[in-house]
1. Where Lys and Arg each count +1 and Asp and Glu each count -1, what net charge lies around G133 among other residues with Cβ under 11 Å from its Cβ?
2. Taking a quarter of the surface of the convex hull around the Cα atoms of segment 35-164, what do you get in nm²?
3. Out of segment 42-112, which chymotrypsin sites (Phe, Trp or Tyr not before Pro) are coil in DSSP terms and have no more than 13 other C-beta atoms within 10 Å?
4. In nm, to one decimal, how far is the modelled label at T78 from the one at S138, with both set 7 Å along Cα→Cβ?
5. Could you order peptides 48-55, 113-120 by the average number of other Cβ atoms within 10 Å of their residues, highest first?
6. Ordered by residue, what ³J(HN,Hα) values in Hz, to whole numbers, does segment 95-100 give under the Karplus form 6.51 cos²θ - 1.76 cosθ + 1.60, where θ = phi - 60° and Gly and Pro are x?
7. Below 12 angstrom from the Cβ of A69, what's the summed charge of the other residues (Lys, Arg +1; Asp, Glu -1)?
Amino acid sequence: MHRQSLERTTQILDAARDVRALVVGDLMLWSHLSESDMTKLTGVQTVHAPAAIGPYSQGVIANGFVFTAGQIPLDPATMQLVGGDDVGSQTERVMENLRAILAEAGASLSTVVKTTVFLKDMDDFSAMNEVYGRHFGSHRPARSTVQAAKLPKDVRVEIEAIAVVAQSSS
């Protein structure tokens, strides 16, 4: 019993050291940024993607990256859902919305480094993936795909992205 307790204590101490190393590493990573650098956030707004339906931005530019809000299959002109119950059609609209936000920010699908895909049902993965792959072509950003218990407006798919913003010449 004493040996098991000692092994468990050692495991907990090792885990605590790992967490401390991560925190110290994160602090060192951000320590070179001034407070003003950390607060240079620019909201992204375009009429070519659905208006935010809550207290958030379509996207935010920070430190050379654009972070998009999750996009659902809303038509930006009507703010109505499109695609019915077809995840392929819904994904098509979502990708068009993402493309518009990225363009407004000075980025594109070819500069996306990470996406997160939320599906109502993981059985929809292959249909979503076919449309997603067509839009990204040979570019392969990192991606996480998860099944969500419920998505906004009960849609079948929502996608958010992080992309590199082109350097301004000014």
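1. Result for the neighbourhood of G133: +2.
2. 7.8
3. The qualifying sites are Y56.
4. With each label placed 7 Å out from Cα toward Cβ, I get 3.8 nm.
5. For the peptides 48-55, 113-120, the packing ranking is 113-120, 48-55.
6. These are the phi-based 3J(HN,Hα) values: 5, 5, 5, 4, 4, 5 Hz.
7. Within the 12 Å Cβ shell, the charges total -2.
Since every read-out is calculated from the coordinates, none of them should be taken as a lab result. Small disclaimer: the values here were computed from a predicted structure and weren't measured. Glycine also receives a Cβ, built like all others from the backbone with ideal geometry; neighbour counts cover every protein chain displayed.
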